[in-house]
Structure formats: C-alpha cells, structure tokens
C-alpha cells in the first residue's frame, strides 16, 4: 500500500494546530475563569493544567509543520528501489531531491504557484508515474518540449543530431546489480551533460521516434535495456514533476555487503 506522506503531514499539521489553537483561544480562558474562583492553589493549578492530547498537539505541531515545509518546498528524501538508473544510481541509494528548482507547488494538490525554472536535458528527475500517480519514478530527461527524439540501434538522436557515445569498459555489477555484469558501460554526451549508461548488446528494445509535446518531458533510464520509461508509456507532464535529484546521502543494498561508504555524499549528474 502506498502512503501519501504529503497528505498525512498536512492532516497532522492541521489537526495538531487546530487542537492547540482551540485550547489556547477557547478552553484555556475558561479554565482560567474557573481557577480564579478556587481558593486552593493546588486545585487551581490542577484546573489550569492542559489535557494530555493538548500537550502532545502543542509539542508536535511545530515539528510536523517544519517537516511539512522542508519536504514540500526544499528537499525530500527518496530511496532507489531498482536498477533502472544504473550505473548513475544503484539499488539502495538514498537520495535528496530539490523540490523548489522547478517551481514551488502546493503539497497534496501539486499545483504550481511559483515559477522558477524548467527541467533541462540531462537532469535526473523524480516524478509521479503518469500511469499511476501514487508511484514515484526517477529517470533522466532526454527530451524537452519541442525536441525531436529518436532512439535507434541503442543510439540517441535529438533534433537530428547524434548524441555521442564513448565505450568505457564492460560493467561489473555488485549487490542487487550483479546481474548487469558484462553489459557495455558507455559515456554519453547529451550536450548539456555527460553521463554513464549501460547497454545490453543482447537486447534490442524500446526504439522510438517522437516529438515531445508542450509541457511534457521525454525521460529514459540510464540502464537503457532495463528501464520502464517514456519509450513504453509516453511523456511526463509538467504537473507530475516532483523535483531534481542532486545528492546521494546513503547507500544500503540488502543484497550487498551493507553500507557502500564510497557513495555517501556523491553528487548526481
């Protein structure tokens, strides 16, 4: 079951804030009136004492509010669940996503209310999967609005220009990615960024020829022959964007040997 944490945080913020406000503005003044009519000091103190639920609401409201604001407008953590972005991102990578780079959006409703910038070709983005918006995906932007994107013979052609590739070596996978051992490891130049990709010479999947519509983005995984991306289900609408991935802060692959210390603090490009 997918939990909508944004909705949960909004609900908890509203509930704790409402309880605290009702006590502060309505119930507390009434308790003060009752306590003023009591001669016994200890009994007056007992009357003034707030209930346990109000105490919890007062304590948790500012914490939940800060978490909501940070998660909605600054950064949000995600965990990579699959091999589709290898070798850039590995299964078990914990990443941070910039939530304000592509504009500020209201939590839950995801309505953009401040325009800041648009994704660029080469950006690694998190977005809500168009076929099921409750699921978050992470891919690389290959085509921006108006681009003519062709993927043929494992080569990208964007606006009639071939995106250069350079063979590096055969890939050696570890942990959950050990199955990718032996695939071709290449460096690809998207003009805006150079990045690594994996190509399996035994497979010939996902050839496409498309012009990216306005307000949409064509995305692909760096593990080209093991990625469910725009080649198969279409483009990503701007309203589905969550943010730009920029940092790996932890890696824990249960199929590996624990924490991959060398990946901690790595930037994503």
Pair list, Cβ under 6 Å, 6 or more apart: region 247-269 residue farther than 18 Å from residue 125 by Cβ, other residue in a loop (DSSP other than H, G, I, E, B) and at pLDDT 90 or above: 251/92; 252/92; 253/91; 253/92
Within region 170-192, considering residues that are touching a residue at least 40 places away in the same chain (Cβ under 8 Å) and closer than 17 Å to residue 157 by Cβ, the one surrounded by the most Cβ atoms within 10 Å (Cβ to Cβ): 190
Hey, residue 77 in contact with a helix residue (DSSP H, G or I) (Cβ under 9 Å, 6 or more places away or on another chain), farther than 21 Å from residue 217 by Cβ and surrounded by fewer than 14 Cβ atoms within 10 Å (Cβ to Cβ) or not: yes
Residue count, region 124-162 (criterion: farther than 20 Å from residue 226 by Cα and modelled with pLDDT of 95 or more): 10
Residue among 175, 221 that alone is under 23 Å from residue 129 (Cα atoms) and within 28 Å of the chain's Cα centre (by Cα): 221
Within region 95-148, tally of residues that are in a strand (DSSP E or B) and more than 18 Å from residue 84 (Cβ to Cβ): 8
Residue check, residue 209 surrounded by fewer than 19 Cβ atoms within 10 Å (Cβ to Cβ), assigned by TED's automatic domain parsing to the domain that holds residue 145, farther than 26 Å from residue 75 by Cα and in contact (Cβ under 8 Å) with a residue 12 or more places away in the chain: yes
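Table: residues versus (1) assigned to a loop (DSSP other than H, G, I, E, B); (2) not assigned by TED's automatic domain parsing to the domain that holds residue 104.
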| position | (1), (2) |
| --- | --- |
| 44 | no, yes |
| 50 | yes, yes |
| 55 | no, yes |
| 61 | no, yes |
| 66 | no, yes |
| 69 | no, yes |
| 83 | yes, no |
| 86 | yes, no |
| 89 | yes, no |
Number of the exception - residue 232 against (1) modelled with pLDDT of 95 or more; (2) in contact with a strand residue (DSSP E or B) (Cβ under 8 Å, 6 or more places away or on another chain): (2)
Matching residues in region 106-142 - criterion: being buried (at least 21 other Cβ atoms within 10 Å of the Cβ) and in contact with a helix residue (DSSP H, G or I) (Cβ under 8 Å, 6 or more places away or on another chain): 127, 139, 142
Residue match in region 21-40 (condition: surrounded by 12 or more Cβ atoms within 10 Å (Cβ to Cβ), part of a loop (DSSP other than H, G, I, E, B) and under 21 Å from the mean Cα position of the chain (by Cα)): no
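The values are calculated or read from the model by the stated rules, or taken from the named source; none is laboratory data. No experiment lies behind these values; they were computed from the predicted model shown. Don't worry about glycine lacking a Cβ; one is built from the backbone with ideal geometry, like all the others, and counts go over all protein chains shown.
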